[in-house]
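Input: a single structure, listed below in structure tokens.
The values are calculated or read from the model by the stated rules, or taken from the named source; none is laboratory data. The structure displayed is predicted, hence computed values, not measured ones. Virtual Cβ from ideal backbone geometry, glycine too; neighbours counted across all protein chains shown. Note: accessible area is taken over every heavy atom of the protein model, side chains too, but ligands, DNA and RNA are not part of it. Shrake-Rupley method; radii C 1.70, N 1.55, O 1.52, S 1.80 Å.
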Amino acid sequence: MGMDRGVSRLASVTSHVIFTNGMLDPWSAQSVTTNASDTLIAINLPDGSHHTDLGAPPNPTVSESDSPSLRAARAEQLKILQRWLKARANPS
């Protein structure tokens, strides 16, 4: 998975990534499951599986059919993206 140098190495080569993990997915063991920096963020869905967060339209809009953890994760994804885009549009 390219993680042989560790998660902390990611911050030196990339930024602004949200790693969303369905913890029921065996692949989550190979993913980033804790924040590596302020812009390398992990969102874990305890009841999620592989690609749970991708869903179907109106993704990524929160839907009443989503589980509570998925609704929270999608809301958090949108909040993070909005913050990043706002910062990009208004650099200090």
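Annotations for the structure displayed:
- Counted residues, the stretch 13-32 - those being open to solvent by 30 Å² or more (accessible area, probe 1.4 Å), free of Cβ contacts under 8 Å to residues at least 40 places away in the same chain and under 19 Å from residue 68 (Cα atoms): 3
- Taking each residue of the stretch 66-85 that is open to solvent by 60 Å² or more (accessible area, probe 1.4 Å) and looking for partners that are at pLDDT below 90 with beta-carbon atoms closer than 6 Å, six or more apart or interchain, yields 71/62.
- Only a single item in (1) closer than 18 Å to residue 6 by Cβ; (2) at pLDDT below 90 is not met by residue 55, and it is number (1).
- Evaluation of residue 37 against (1) of a type outside the set (A, V, I, L, M); (2) modelled with pLDDT of 90 or more; (3) under 25 Å from residue 11 (Cβ atoms) (one fails), failing number: (2)
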